[in-house]
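Below: one structure, written as structure tokens.
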Amino acid sequence: MRVKSFKLYESGLSRFFGPLEAKIMDILWDAEELTIRDVQQVLDQEKVTNFNTVMTVMNRLVEKNILQKRAEGRSSLFKPVQSRMEFLNSQSKEMTNELMDEFGNVVVSHMLDALEEADDDLVAKLERKIEELKKGL
């Protein structure tokens, strides 16, 4: 396996995971299903990582229902419960709902201010969503 950059880890995933968890998830989302040894070998290409540490983190991700684990012979194979996009969508939705619950109008105001830097497609999508909401009232 070749080393990939951990760009997503450096930004978005670090909001939801610790550094090693984020790297492991990034590897598994790219490969879909791997053993602990497979993941460790990819991590070792960047920095030597202890097998037991990788095993502990991956088993904790199973306990958190982020990874699924299945036995195959004497090994266990791990794969993400959700795709990268499904995970990011669900987590960002949860974060947005929490912000709205806690800060309400202030969050909406900041989001509207951020639209000044948004691309035209995003603004058009927002306009369509607002029209849908108006029709539903």
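Full extension of the segment from Lys134 to Glu72, taken as 0.36 nm per residue of separation minus the current Cα-Cα distance, would add 17.0 nm. Calculated over region 40-137, the projected area of the Cα convex hull averaged across directions stands at 10.8 nm².
What angle, in degrees between 0 and 90 and rounded to the nearest 10, separates the Cα long axis of helix 105-114 from the longest principal axis of the Cα atoms of the chain? Its long axis makes an angle of about 80 degrees. Between Val107 and Asn65, the modelled labels are 2.1 nm apart [label points 7 Å from Cα along Cα→Cβ].
Sequence-ordered 3J(HN,Hα) estimates for region 73-78 from the Karplus curve with 6.51, -1.76 and 1.60 and θ = phi - 60° stand at x, 8, 10, 10, 9, 10 Hz, glycine and proline given as x. Between the Cα long axis of helix 19-31 and the first principal axis of the chain there is an angle of about 90°, rounded to the nearest 10. When the listed pairs Lys23/Lys47; Lys93/Lys125; Lys23/Lys79; Lys23/Lys64; Lys69/Lys93 are checked against a 18 Å cut-off, the alpha-carbon distance exceeds it for Lys69/Lys93. For Phe16 and Thr56, a Förster radius of 22 Å and the Cβ-Cβ distance give a FRET efficiency of 0.75, rounded to the nearest 0.05. Between Val48 and Ala124, the modelled label-to-label distance comes to 5.4 nm, taking each label 7 Å out from Cα in the direction of the beta carbon. Looking at Phe87, Thr49, His110, which one has the Cα that reaches farthest to the positive end of the dipole of region 1-131 (charges on Cβ: Lys, Arg +1; Asp, Glu -1)? It is Thr49. To the nearest 10 degrees, how steeply does helix 120-136 sit against the main Cα axis of the chain, on a 0 to 90 scale? Compared with the principal axis, the helix lies near 60 degrees. Anisotropy class assigned to region 75-122 is oblate, per the alpha carbon gyration tensor with a/c at or over the 1.5 cut-off and a/b no larger than b/c.
Values in this text are rule-based calculations from the coordinates and carry no lab data. Keep in mind the model is a prediction, meaning the values are calculated, not measured. Every residue, glycine among them, receives a Cβ derived from its backbone with ideal geometry; neighbour counts consider all protein chains shown.
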